[in-house]
Each structure stands twice: as structure tokens, then as C-alpha cells.
Amino acid sequence: MDICVCIKRYPSLGSAIMLTDDGMAIDTDKLGFTLSPHEECAVEAAVQLKEEHGGTVTLISMGPEGVEEQIREQFAIGADRAIWIRSDSTDIDPQAAAKAIGDAIEADETAFDLILLGSESADNANAQTGVRLAHRLGRPVATAIKGMTIADGVATCERAVGTMREVYRVRLPAVVTVKDGLNIPRYPSVPGRIKARKKPIDEVAADLDGARIQLKGLTAPIRESKGAQALGAGDEAADALVDVMKQIGVLS
Amino acid sequence: MAEELQAPSEAKCVVIGAGIVGNSIVWHLARLGWTDIVQVDKGPLPNPGGSTGHASNFIFPTDHSKEITQLTLESMRQYKEMGVFTECGGIEVARTEERMQELHRRLQSATSFDIDGTAMLSPSECKEKVPYLDDEVILGGFWTPSVGVVDSLRAGTIMREKAQEMNALTSLPNTEVMDIEVTDGRVSAVVTDRGTIDTEYVVIACGCWSPRIAEMAGAAIPLTPAVHQMKDIGPVPFFADAKGDIEWPIIRDMDTFMYERQHGTGLEIGSYAHRAILYEAGEIPSNEQAALSPTEMPFTQEDFDLQDEHAMELMPDIVGDETIGEKYACNGLLSLTPDGAPILGETPEVKGLWSAAAVWIKEGPGVGKSIAEWMVLGESEIDLHGADISRFYEHHKTRQHITARTGEGFIKTYGIIHPGEQWTSNRDVRLSPYYEQEKALGGVFYEAVGWERPFWYESNAPLVEKFGDAVMPRTAEWDARWWSPIINAEHLQMRETAGMIDLTPFAIFDIVGPGALGVVQTCAVRQMDVAIGKVIYTPVLTPRGGFRSDLTIMRLGANHFRVVTGGAHGMSDRKWFADHLPADGTAQLQDLTSSMTTLGVWGPNARAIVQSLTSADMSHEGFPFGSCRVIEMGSLRVLASRISYVGELGWELYLPIEQGAKLWEMVFEAGQLHGLIPVGVGVYGTSGRLEKGYRAYGAELDAEYNIVEAGMALKKVKDADFVGKEAFLQQREEEPMALMCTLSVTDHHSASGEKRYMLGMEPILTTDGAPIADKHGRRSFVTSAGSAPSLGKHLLMAYLPPEHAVEGIELLVEYLGERYPVVVDRVGATPLFDPANERTLS
């Protein structure tokens, strides 16, 4: 089974977010990068399916130079190859992103049985790309999935709705967007890292025509200092703890 | 709640930083009786987010520096006392022959500095101790049983709480320092976001943020935040039953600049092998901005790619296991300094403002204790001269110098550093007026605190042939590295005719004014109330009577003294004298270091050469030893001082730096008739002085030893008071515990038949191979080593306890894994070469 997983590089934030001087982006100067937990679960699911059914796992990521870091990271988990859609930014209108990804998938030699995405990106959270991509490719789509098995060319997908669960059967080839909790993603191993360095990344140009959402500006939320304070140790802390609980309304 | 905390309006001392260093300092200050201490940290407690919080926390005690080793041993003692030390042992493994030699050298230093139980291990012995090691990739290991891991955060909390229990300390977490106020050159207040604290003392103990804080007061702490990479993998099935933090010995894979340590059920892999990744203190994110902590920067895997492979080679069963994942990885920030040493002591810029920065976990509590002693008692038990913040010259404090040297030095963290090794970056910063002439003569330049000065001259290469085997050639690469037989040829030629030596790096400062005599009397052991025109060589003591320095002072006028001291310790000496200037302003210090140059001319023909350039009477009677005066040499007015550090007749010639080149030209030309050659510092600093038994500060002389032990006590002690006098008087009444001796090697042949020459710091052993210690527990080791070409010997200086300090007694010296017979040639200061000093006094 050949699986494709779309991943998006995203800055790993502290409690206070710094913006660039023009207010148009997060200042990532002092920050590392990561993937959203949804996407980490998507890659883990793909690798598990490969281990179970055989096949390949291909990553697709859009963005500038640095996206290779996240691609290699997921290679270390077990993905085999990647398509890098080169663009100036990772912050792309979902319609344009879906089109560019769709183009890349159609142009690729591999006919993917399953395309996995996170249900929404960690930064913009539009939750559109997966649906638009499915539409673009003319495939069925199941979204916000937290459980998935595949047998006889059919993906059985589950999602939680309140206290209920919904189960979908989707015939492959299909698109599935998944949520954190689908599985517990593994950590990369050192041998995985070493293998990751040699895995191929095919670069393609992005055609971003059709982008219609334009960013006007960002405002960082004002946050209280996270200054943690030890209230005391052992029994002596009890009184102070009770005070705090009263203050926040847990006790009266 | 945290937001409601208010800073006290007054304090005796404000300690900035609540990492291992700040916490140690507050405790030791309290222990020594200080109260009203306030500790400020911008982060929360117990982990405010500095380097302590992500430290690997293991301690290998051995270092080639005595000072650092002593700080480490003292820290281990304190960690043990607090119950936060877990001994696990450690092995430094070698993959190359060169590293095996280095490990033997580390064993030497361990023996010299009293670290017992260490041993060299074969690869299979290493594997016995650490079964997950591949013994095929290593050649051997250096085993230290006392290696251990500490809980530095817990230690900090214990010490902080002890100070709080004594009601001596108020700790203010989550408190930002906004400014440090200085009044009349003295620190007066710390401004925080919780209020202003008026204070007499401020200690900057905030690790990689220290430069930014010091800047607020107008002081410099020249360090840079730098990245050290580490990753944790696990859980490791082999460690599944591990009960504690650490049970298996820590491995340092020295040739790959890496370490691997078991950490609970995981394995931590750390590296000093990657490119130097430097930051500026202002670039470190705040606690709020950081994803982890401010000093845990995002891991950059591409810098660790090679390290992954190295770790897998050494520990394939664990690191090569695909089921073991990386749980955590970070680019941890630590502090690097341009010379690798910590930055400790009162800043020369601001009175009462102290630095305790660039300190590793292994030195933390030792530094805390030492800084507190220094602040409260005026002196620390461990001599900290190597780490003294006042050692820096102005150029050392520039960002470019810091970046260049830390970038170069980072890779040396686990490197093999030859004792003579030179820095290659940021050179040619201070050039003597003779530089062009020296370059033309093939000067091979070594650096002395920024100054470039020839260690020897290639123009003297033909002399090697002239003197043949008397130059004591060295065939072993290590012995001959950063050395040349030309040094010994220059030595022999100087003793035959004459040599001229560039002494520009001297630090020179004048003490002037009606109070000047009082200042020099207070600082110097020797009588300074002497006739104008006298030159006095004198020790300078610490309050407890150890060596603070040794230097010469010329009396140029009734109220005018000129202090001349070695460049290396020049700025510390300047601060020492400046600290003793009277408060009433009746004496001032004028630094002439960059205004004056010094040229030494020595040898049997020195008088003929100098006399040919002046009408002044340079005869022995007309210009006696130990005197100085201004003479005219052509169009130059030169202060000539008749002393010698090489044991020859001659003068130091002082004059304004811009006239130096002219003087060089005159002396060089006049000297051609008298066989004069240019002579490098190889002679001046080593062979010349060793033959004469002259001691050097920082080698033979430090605060741990006294004048009597150094064999430098004169019969009389001056009436005037001086620092250390009381202690000195008492030392004179006591039997010395050790005596400075000069030894020579009687057989240089190693097992392979090659002749080997020791370079210094090697342990002296009894003929049974046992280490030697005096009644204070101080081990005997080689303080200086070098050729004595005029004696045909290789000399070693060492302190020996009285039972071994007997001329003619045979002992051993351990050098790179082998032992060589030595004999005590001299106890005390009488020179082996020209014992009556006939040459100097001719």
C-alpha cells in the first residue's frame, strides 16, 4: 500500500509569542520547529500501515528551505521519500495549497492508495486543505479521524462526536484527515536518523495561483508571566494551597 | 503570590542568579557570618531556567589545571556532604595512540593533584565495567572511580534554604534586574522590577546572562553563551532494572569529543564536537518566549549527524537499537570564556561588584565557597589567580576576541592541548616596536596576553650545528612540539657572548605621590624605603602569607616608584596595587604598559655593547647590580635597570614605545662586533631562569606556598607593615612542610629507547613509585621543566617535603606512562649554574 502524508512545518512556541516587526509573521529567530500533533499521528499511522501491509510512505511538505528538517525527522520515524513543494512561506491559502498538493500528487509516479493529513494545521487551523484536496483529486474524504483500520481496500475510520462515535467506511483511494490521539507516535531512533539522511527528497515548484485568503496582520495575545512559585513543601504548603484554591473559586 | 513580592530596600549584598553558583554563594556568605543577603533571579525556583537546569551533572575530577582540580574536589566534597552525589566511576576512552598518550598524561595530573584510585584500563577491562561498549573501537581507557553524578538543583535548594534558615537570605524569584547603580566607582544599588535595593556588594552569578548584567554597571564579563548538544534516548532494555539515576560508569569518548551516560533507564549522549554555535547574552529568549527553558535552545540535528554515528560505533547494542527512541534533545547553552577559565572576583571597573561566572557544575560549590571567602576574608583558600576577572586586558573584552577564542576553544573541551599550544585566532593584536625587525630575523611568534613575541629566531638556526648535542635535541614529537633546539642554541650563545630580548609584554605602572612609599611598602615584602635609583625584586603576599605575585619595583624618586611585572598577571597586579591606594588621594597609579617598551641585553659582552652606545659609566662600580638610572644612548633617553632573570650581566632598557625600534637598531648594530644575537622567550622564560633557580609566579609561586617554602626568605624582615607580614613572621618560626627543589633527570631513556623530556606538572614519586605528599597533603609535582643547556641537564622544579628535600636523594618522575630516575640537585634557591652569581655581578 502506498501512502502519502502531508506535513507542515510550524514553530515550537513558548507561552509568549513574538511577532516580526511588521506584524505579519511569528518571529522564529529563537524558536525551533515541529509538526502539529495531528500530523505526527498521521505519519505514525502511515508507518504502522506500511509495517502491516507493506508499501511505501511518501511525505509532502510545502514551504521554504527549512522544511527539510521536519521531513528528515519523519524519515527517521520510517517514511521513505518526500516531495518538497518549494514556496516562500508555509503560510499558504488552503485553496492554493490543496491545488499545489493535488498537482504534485497527480504528477508523481506513485498512485497513492491513501492520503493522510492532520485535521487542521497547528497555526491557521482552517481545517480546509484535506477536504479541498479530496475534492481536487475526486476522492472520498473522512475528517477528524481518531481510529482507523484498513482491510480489503476499505478504510474503516472512527471519530468521536461528544460521547458518541461515528464510523465511516471509505473505499480506497481516499483522503483521511486525522486527529491527535489516533495513536502514540514513536520517537525517532538514532539508526533511524542515520538512514533518514540518505532518503530522497524530490523538489517541485509550487503553482500558488488561486490563493484568495490574504493575511492582513497578526496580534500576539497578552499573557501573564508564567512565573511559577513553590507554595511550600509537605504539610506546610497546605494553608497556602487552600488560599489559592479559594482565590480561584475551587473552594469557598 | 509572586506578583506581590517586594524587594527589601537595603541589603549587605545582592546575589544575582539562583543557579548552582548563586545558591552556593548565598550559603557560604551566610556561613561566614553575612546577613541581609538578597538573591534575585528572573526565573522561578528551584529551576530558574539557566544552565544548571539542563546540566548533565556529572563530574570527572581530573583537569590539567591545579586550580580547577582543587575547585572540583572541593565541590565534590560539598555535594557529598549534602547527600546529592552518586559515585558511579567514569572511563575516558581512547580511539587513537595520541589519545592514549593524553590519557597517560591525565593519569599524571590525577597523581599530581591527589586523585586516587585512577588507572589505565585495557579495552577488555573497559568492557568489563561497561558491557555495552564495543571494545574493538577503543585502545584503552583512563578509569577514575570517584567520578559521580550530582543533583545540582537539589544542592542549590539545600544551600539556599540553609541560608534562609539562618535568617540571612531573602530570595526573590521571578524578579528582573533592570539596572545596577554605581556611585563614585562603587556599586550602590540594584534596581529590580520589584523595587530598588541599596547595597554594598553585588555578585553576578547568572551564567550566560552575566555579560548583560555586568554591562549595566559598566563592567565587562567576557564570556559568550555557547551551545552544547545532547540527546536522551530510551527506554533502554539493558537498563530496565535500573533503580537510581546512575549505576553504570560514565564514558567519555575523548577522540570524538562526546560522552555517554546512563540516566535512569535512558542513555544521554552529549557532544562538544560540533561547530561552535555562539549567541549573545541579549539573544537568549525569556522564560516566557522559550519553548522549553531559555537555555534549552532548539536542537539542530544536522550538527549532531556525525555524533550519532560515533555513538553508535561505541555502543552499537544500545544506540543502534531501532526500538529505542530519542526522548529529548536540546542545544543547551553554557558559558564559554576566551581562555577557557572561569571569571571570578571583584571587577576591576567597579568596587563591590563581583563576578562568579563561567562555572561548570563540577566547580559550582567550590567557587561559591571561594568567592565568599574572598569577599568576607579577603582571600580564598584555593588560589584563584587563573580565574581572576582582573586578568583581562582591554582587547580581551571585545566581542571579536571572545567570539574568535571561544570558537577556537570550544573544540578543545575534550581536545589534547599541549602545554605550549598557541591560539591561532585573533593574533597580531599587540605588536612590540621591534616587531618588524623580529619578523625579518625569522622570529617565531608566541602570544603573551595579546603581544606577539618571538619564542626563538630562525636566524639563529645555524647555531644549532655549532653547539651540536649541547642543544639537547628532542626526537619525540610531543616533547618537541612548540619547541625548537634553536632555543637552547640561543641560550648557549647568550652565555658565550650576548643576547637581546624583547620584554615589551611587561606590565608597567608607576605609583606616585606623597603616599606612594606607603603603598609599595604595604604591597611589597622587601624594604622599599631605599635610595632613589634602587631596583628591588620582591614577593607580594596574600593576607595569609601565600604568594600574590613577585615583581620588581624601581625607586625613581622620593615619591615615585615604578612597578614592573609579567604581562600574564600584570592586570591582576595593577588591581592589587590600585586596591591599596590610600583613600585620601595622596598616591595615584599610572599605567604605562602601553607607553613603555623594554629591551633586555644580557651576556658577558652586554657591558661592552651598551657602553659603546653611551657616555654614561656602565662599569660595575659606576652602575652596580640592582640599580637604575636614566642614560643617554644616542638621541634616546633610556631608563637602564641592572637586573637579570637569565643570570647574566646586563640591563633592562626602558623607553617610550615609539622609540623602541630605534633602540633595537642601535643595540643590534653595536652588538654585531660582540657576537650579540636576538634571543627569544624560550630562553628568558625557561632555560635561563631554570639554571638559575629563579621561581616563576603561577608555577612555583602561588598562594598555597610561602616564602620560606620557596626558599626566598631573607635574613631580615623590614619594620614597616605589609600585607601578609604576620603570617610571614610565623612561617619563619615554623619548620617548612615542603621546600622548593631543583631536580635533574638522570636517565631519559624510555622503554623503547627514545630519550624523553618532561614538560611540567608530572608527579614526583619515591623510588618505590609512591606519590609524595607533605604534611598539608600537598602532592609533589613538577612546577616547571626545561633544558639547562649550560649544565647539560634537563631540570625539574618541585616542592618536596623535608624528608625528600635532600640533595643527592634519588626519586622518580612519571611521564606519559613511564617512570624516569631523577636526583635532587638543589634544595633552596642557590643556583645550579654560577652559584656565586659571578656573572650577574661581574
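Below is a table of values for the structure above.
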| quantity | calculated |
| --- | --- |
| Neighbour-count order for A:Phe33, B:Phe722, fewest beta carbons within 10 angstrom listed first | A:Phe33, B:Phe722 |
| Separation of alpha-carbon centers, region B:712-752 and region B:1-73, rounded to whole Å | 37 Å |
| All-pairs alpha carbon distance profile, region B:617-659, 5 Å steps from 0, percent | 5, 23, 32, 22, 14, 5, 0 |
| Descending principal axes extents, region A:21-111, alpha-carbon based, whole Å | 49, 28, 20 |
| Long pairs among B:Lys66/B:Lys351; B:Lys351/B:Lys575; B:Lys412/B:Lys793; A:Lys30/A:Lys199, criterion Cα-Cα beyond 22 Å | B:Lys66/B:Lys351; B:Lys412/B:Lys793; A:Lys30/A:Lys199 |
| Shielding by other protein chains, B:317-330, mean Cβ within 10 Å | 4 |
| Residue-averaged 222 nm ellipticity for the protein assembly as shown, from DSSP H runs of 4+ at -39500 (n - 2.57), nearest 500 | -7000 deg cm²/dmol |
| Efficiency of FRET between B:Ser425 and B:Arg186 - r from beta-carbon atoms, R0 30 angstrom, step 0.05 | 0.25 |
| Sorted by Cβ density within 10 Å, fewest first, the residues B:Phe299, B:Phe304 | B:Phe299, B:Phe304 |
| Over region B:689-827 - Rg/Rh using Cα atoms and the Kirkwood inverse-distance radius | 1.01 |
| With 5 Å bins from 0: P(r) over region B:56-107, alpha-carbon pairs, percent | 5, 17, 21, 22, 17, 10, 5, 2, 0 |
| Sequence-distant residues sharing a close amide H with B:Ala189 (under 5 Å, placed H) | B:Glu181, B:Thr199 |
| Antiparallel DSSP beta bridges within region B:689-827, percent to nearest 5 | 95 percent |
| Listed residue (B:Val782, B:Tyr279, B:Leu556) projecting farthest to the positive dipole end of the protein assembly as shown, Cβ model | B:Leu556 |
| For region B:563-699: relative contact order, % (alpha-carbon pairs under 8 angstrom, 6 or more apart) | 22 percent |
| Residue exposure sequence - B:Glu726, B:Glu438, B:Glu97 - by fewest surrounding Cβ within 10 Å | B:Glu97, B:Glu726, B:Glu438 |
| Net length gained if the chain between B:Thr265 and B:Lys716 were fully extended (0.36 nm per residue, minus Cα distance) | 155.7 nm |
| Dimensions (Å) - chain B, Cα atoms, principal axes, largest first | 83, 67, 52 |
| 18 Å Cα-Cα threshold exceeded, pairs from A:Lys146/B:Lys327; A:Lys8/A:Lys179; B:Lys12/B:Lys362 | A:Lys146/B:Lys327; B:Lys12/B:Lys362 |
| Label-point gap, in nm, between A:Ala237 and B:Asp179 - each point 7 angstrom along Cα→Cβ | 3.8 nm |
| Selection from B:Ala798, B:Gln611, B:Tyr435 lying farthest towards where the dipole of chain B points positive, charges on Cβ | B:Gln611 |
| Candidate aspartates and glutamates - alpha carbon under 20 Å from B:Lys715, same-chain residues fewer than 8 apart omitted | B:Asp529, B:Asp550, B:Glu726, B:Glu733, B:Glu734, B:Glu735 |
| Compactness of region B:199-318 as Cα Rg over 2.2 N^0.38 Å, two decimals | 1.34 |
| Shape box of the protein assembly as shown [Cα atoms, principal axes, largest first, Å] | 113, 68, 58 |
| For region B:370-486, convex hull volume per residue from C-alpha positions, Å³ | 173 Å³ |
| Computed lengthening from B:Glu465 to B:Thr196, 0.36 nm per intervening residue step minus Cα-Cα distance | 89.7 nm |
| Distribution of pairwise C-alpha distances over region B:507-591, 10 Å bins, in % | 20, 58, 22, 0 |
| Separation in nanometres of the label points that stand 7 Å from Cα toward Cβ, at A:Glu109 and B:Glu97 | 5.0 nm |
| Pairwise Cα inverse-distance average, inverted: Kirkwood Rh of region B:777-822 (Å) | 11.9 Å |
| Ratio Rg/Rh, restricted to region A:113-252 and using Cα atoms, in which Rh is the Kirkwood radius | 1.14 |
| Normalised contact order of chain A, rounded percent, pairs of Cα under 8 Å and 6 or more residues apart | 25 percent |
| Using θ = phi - 60° and Karplus 6.51 cos²θ - 1.76 cosθ + 1.60, couplings along region B:462-473 (whole Hz; Gly, Pro as x) | x, 5, 4, 5, 4, 8, x, 5, 5, 7, 6, x |
| Straight-distance crosslink candidates among aspartates and glutamates, where the alpha carbon sits under 15 Å from B:Lys466 and sequence neighbours closer than 8 are dropped | B:Glu458, B:Glu490, B:Glu496 |
| 20 Å Cα-Cα reach of B:Lys243 towards aspartates and glutamates, excluding residues that sit fewer than 8 places from it in its own chain | B:Glu87, B:Asp151, B:Asp232, B:Glu260, B:Glu268 |
| Nearest 10 degrees, 0 to 90: helix A:67-77 Cα axis against chain A principal axis | 90 degrees |
| With Cα atoms, 0 to 90° folded angle of helix A:94-107 axis to chain A main axis | 40 degrees |
| Kirkwood Rh in Å, taken over all unlike Cα pairs in region A:2-205 | 17.2 Å |
| In degrees, nearest ten, helix A:37-53 long axis to first principal axis of chain A (Cα) | 40 degrees |
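Throughout, read-outs are computed from the coordinates displayed, never taken from laboratory work. This structure is a prediction, so every number in the text was calculated from the model and none was measured. Cβ coordinates were reconstructed from backbone atoms using ideal geometry, including for glycine residues, and neighbour counts include every protein chain displayed.
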